[in-house]
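Take a look at the structure set out below.
The values are calculated or read from the model by the stated rules, or taken from the named source; none is laboratory data. Computed from a prediction, not measured in an experiment: that's the story for all the values here. With ideal geometry, Cβ positions are generated from the backbone for all residues, glycine too; neighbour counts draw on all protein chains shown.
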Amino acid sequence: MSEVTSAPGARADKLRRPPARDWVIRFLFGAGVSAVAAVVAKVWGPAAGGLFLAFPAILLASLTLVAKEEGAHRAREDARGAALGALGLVAFGAVVWATTPRWPVWATLVTATIAWAAVSGVAYLLVAARHRHDDEGHRSQVQRGGEPDGR
């Protein structure tokens, strides 16, 4: 099982200008998803097309590049973070849907943002706690002389 890093961080020495090829990959992924959304909207209507426009097109390109530059483990962690953020977006959308007809726009957006942060944050904490628990069990089994379970 992969480990969850304790906290995200940034290092100035890792910053550099991405090669032109990386920009082309991002552009093609984004354009491809947008084209699929346009076709879906034309065939099945704008509501169906809108679902595809909500797809984070840049995520595919970013994960591809992260896997190449920093390894599959880091790309997997980034994908996990995106999925947890998407759970928060479901909460955001539900709050907007439920409150827009009755609340002022500012109150709707503030409440929806709090819901997004709460759901995403709790989901992250649950996943991190599960991984810590799995890692501790794995370490104690190895210390007792047992074989790791292959996770």
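Here are a few things to note about the model shown:
- Summed over the range 80-99, the residues that are of a type in the set (Val, Ile, Thr), surrounded by 14 or more Cβ atoms within 10 Å (Cβ to Cβ) and within 14 Å of Ala118 (Cα to Cα) give a count of 1.
- Selection of the range 1-20 for residues being part of a helix (DSSP H, G or I) and at pLDDT below 80 yields Ala12, Asp13, Lys14.
To keep it simple, each residue is scored yes or no on (1) under 28 Å from Pro19 (Cβ atoms); (2) of a type in the set (Ser, Thr, Tyr); (3) out of contact with any helix residue (DSSP H, G or I) (no Cβ under 6 Å at 6 or more places or on another chain); (4) free of Cβ contacts under 8 Å to residues at least 40 places away in the same chain.
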{"position": "Gly30", "(1), (2), (3), (4)": "yes, no, no, yes"}
{"position": "Val33", "(1), (2), (3), (4)": "yes, no, no, yes"}
{"position": "Val39", "(1), (2), (3), (4)": "no, no, yes, yes"}
{"position": "Lys42", "(1), (2), (3), (4)": "no, no, yes, yes"}
{"position": "Thr64", "(1), (2), (3), (4)": "yes, yes, yes, yes"}
{"position": "Leu84", "(1), (2), (3), (4)": "no, no, no, no"}
{"position": "Ala91", "(1), (2), (3), (4)": "no, no, no, yes"}
{"position": "Ala128", "(1), (2), (3), (4)": "no, no, yes, no"}
{"position": "Arg132", "(1), (2), (3), (4)": "no, no, yes, no"}
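- Residue within the range 49-70 that is of a type in the set (Val, Ile, Thr) and modelled with pLDDT of 90 or more present: no
- Count of residues meeting criterion [among the acidic types (Asp, Glu) and over 19 Å from Gly81 (Cα atoms)] in the range 95-134: 0
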